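Take a look at the structure below.
The values are calculated or read from the model by the stated rules, or taken from the named source; none is laboratory data. Please read these numbers as outputs of a predicted model, since none were measured by experiment. A quick note on method: Cβ atoms are made from the backbone with ideal geometry, for glycine too, and the neighbour counts reach across all protein chains shown.
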């Protein structure tokens, strides 16, 4: 399985550097941000497996970013560990109430923190910890970035793969074109809304090209955008 991505959000370079070295030794891939704006962009663009979040940050507080992540359906399931010098009981309660999955106070032992990260990732269900997404005989292998229908590979472009991965991870929910642009292309990339329609057509065409036709899984929702749904799918 591919290395897990950890986003370190802290404005102190020495803390980030120490964490990065400890995490890389433990076979994690590290992303870094020193403010909430860059941190949010990295969450949207890079989809980290877990976020280590300081409280006091330039441009806003870690609590503000945590609240924003937990209110958004597509980022709410990403585990967040508050990693802060704020050790008062009221601070701990506030962090956990807002949605932190764990709360670690500075100073801390890197080995203990890594153990907590691993335990939290083991408890995470349905997030980035999976390496395969499956519906009937349609299989998306995240590590190899390959698609199979009835065990036979099908050809698909990288953007269509990313779209399908997002849809299979978030089924039975309608998304606007703008939401798809943010979560598949990234918040810092400017792309026309109609570009989504072009890639949806390509994705449907790719899903028609296998042993079985799965193009109907991508549904057009009038006045909104698109939905991925297997309800009513006929087996066979």
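Scanning for something modelled with pLDDT of 90 or more, within 18 Å of residue 74 (Cβ to Cβ) and outside any strand (DSSP E or B), does segment 225-233 turn up at least one residue? Steps first, please.
Kept after step one, since they are modelled with pLDDT of 90 or more, are these residues of segment 225-233: 225-229.
Within this subset, residues satisfying the condition of being within 18 Å of residue 74 (Cβ to Cβ) are 225-229.
Right, trim to outside any strand (DSSP E or B) and you get 229.
Yes, that holds for at least one residue.
Checking the stated criteria, residue 144 turns out not to satisfy the condition of being modelled with pLDDT under 90 and surrounded by 16 or more Cβ atoms within 10 Å (Cβ to Cβ). The set of residues in segment 21-35 that are surrounded by fewer than 17 Cβ atoms within 10 Å (Cβ to Cβ) and outside any loop (DSSP other than H, G, I, E, B) comprises 21, 22, 24, 25, 29.
Give the residue that is farthest from the chain's Cα centre (by Cα), with candidates limited to residues of segment 36-71 that are part of a loop (DSSP other than H, G, I, E, B) and buried (at least 16 other Cβ atoms within 10 Å of the Cβ).
From segment 36-71, those part of a loop (DSSP other than H, G, I, E, B) are 47-49, 54-55, 58-59; that's our starting set.
So of that shortlist, the ones also buried (at least 16 other Cβ atoms within 10 Å of the Cβ) come out as 47-49, 54-55.
Values: 47: 3, 48: 6, 49: 7, 54: 19, 55: 21 Å.
Looking at the filtered set, the residue picked out is 55.
Across segment 82-119, which residue is surrounded by the fewest Cβ atoms within 10 Å (Cβ to Cβ) among those that are under 18 Å from the mean Cα position of the chain (by Cα) and within 30 Å of residue 174 (Cα to Cα)? Once the filter is applied, the top-ranked residue is 99.
Per-residue answers, yes or no, for (1) free of Cβ contacts under 8 Å to residues at least 40 places away in the same chain; (2) under 25 Å from residue 182 (Cα atoms):
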residue: 7; (1), (2): no, yes
residue: 13; (1), (2): yes, no
residue: 16; (1), (2): yes, no
residue: 21; (1), (2): yes, no
residue: 29; (1), (2): yes, yes
residue: 43; (1), (2): yes, yes
residue: 49; (1), (2): no, yes
residue: 52; (1), (2): no, yes
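Take the conditions (1) outside any strand (DSSP E or B); (2) touching a residue at least 12 places away in the same chain (Cβ under 8 Å); residue 83 misses just one of them, which is (1). Checked against (1) crowded, with 18+ Cβ neighbours inside 10 Å; (2) farther than 21 Å from residue 19 by Cα; (3) touching a residue at least 40 places away in the same chain (Cβ under 8 Å); (4) assigned by TED's automatic domain parsing to the domain that holds residue 27, residue 138 passes all but a single condition, namely (4). If only residues of segment 158-200 that are surrounded by fewer than 14 Cβ atoms within 10 Å (Cβ to Cβ) and modelled with pLDDT under 85 are counted, the one that is farthest from residue 44 (Cα to Cα) is 194. Scanning segment 86-98 for residues that are touching a strand residue (DSSP E or B) at 6+ places or on another chain (Cβ under 9 Å) and in a loop (DSSP other than H, G, I, E, B), we see that the one that is modelled with the highest pLDDT is 86. Taken over segment 206-228, the criterion of being without any contact (Cβ under 8 Å) to a residue 24 or more places away in the chain and closer than 18 Å to residue 150 by Cβ is satisfied by 208, 213, 215, 216. Exactly one residue out of 88, 76 is more than 20 Å from residue 19 (Cα to Cα) and without any contact (Cβ under 8 Å) to a residue 12 or more places away in the chain, and it is 88.
Residues in segment 205-214 that are surrounded by fewer than 17 Cβ atoms within 10 Å (Cβ to Cβ) and in contact with a strand residue (DSSP E or B) (Cβ under 7 Å, 6 or more places away or on another chain): 209, 211, 212.
Please go through segment 102-117 and give me each residue that is without any contact (Cβ under 8 Å) to a residue 12 or more places away in the chain and closer than 15 Å to residue 14 by Cα, ordered by number. Across segment 102-117, the qualifying residues are 107, 109.
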